[in-house]
Amino acid sequence: MHYELIHDKEGERTFALVFDAGGEVMESLRTFAWNANLAGSHLTAIGALSHVTLGFFDPDTRHYEKIRLREQVEVLSLLGNVAIQENRPQVHAHVVIGKRDGTAHGGHLLEARVRPTLEAIVTEEPRHLWRRHDPSTGLARLELEEAVSTRPRAIAEADDEDGDQSFRALDVSIGFPVP
């Protein structure tokens, strides 16, 4: 996956992402969220996929029923957010996909392979979000009271030996690089 920071002003950052053919979407989004130090973001994407696994949450069993589609599909809409859960960025995404015959399927995006491309826009807001397990539903829900204006990690900017700016994650509480 390739990405570029296309906007960075007053605590709001916007990235354009282009996924590689064959790449796993959710894994790539989670890795990007960690590397970009995202803590309160929303995302949209369009493109095409194959080998998609959707999830339908059953509130009675409190589990996701898996819906597997092993064919080429178009991404009609992919929407999601990123919030901190257990001190890590957690990606929550839903997708509506269109099949060759014009029918659509949708649900929680559990996994999918890019084929041939997927393009996303990810925007981080200045106020960050947290998820916490809700025992009454069995889901990790946004905790709006917990939203804060600081990140659990901070991005430190520095010039490397060539004079280019580089970024590295720092743990705010102790100032050491984060793996």
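Values in this text are rule-based calculations from the coordinates and carry no lab data. Worth saying up front: this structure is predicted, and the values here are computed from it rather than measured. Glycine gets a Cβ as well: all are built from the backbone with ideal geometry, and neighbour counts include every protein chain shown.
Projecting label points 7 angstrom from Cα along Cα→Cβ for residue 2 and residue 119 puts them 1.3 nm apart.
Taking neighbour counts of Cβ atoms within 10 Å as a proxy for exposure, in what order, fewest first, do 128, 42 appear?
Working: 128 22, 42 14.
The most exposed by this proxy come first: 42, 128.
Cα centroid separation, segment 1-20 to segment 59-105: 22 Å. Assign one of three labels to segment 2-148, namely rounded, prolate or oblate, based on the Cα gyration tensor with a ≥ b ≥ c the square roots of its eigenvalues; rounded applies when a/c is under 1.5, prolate when it is not and a/b is larger than b/c, and oblate otherwise. It comes out oblate by the Cα gyration axes.
Taking a ≥ b ≥ c as the square roots of the eigenvalues of the Cα gyration tensor, an a/c ratio of 1.5 or more together with a/b no larger than b/c marks segment 45-88 as oblate.
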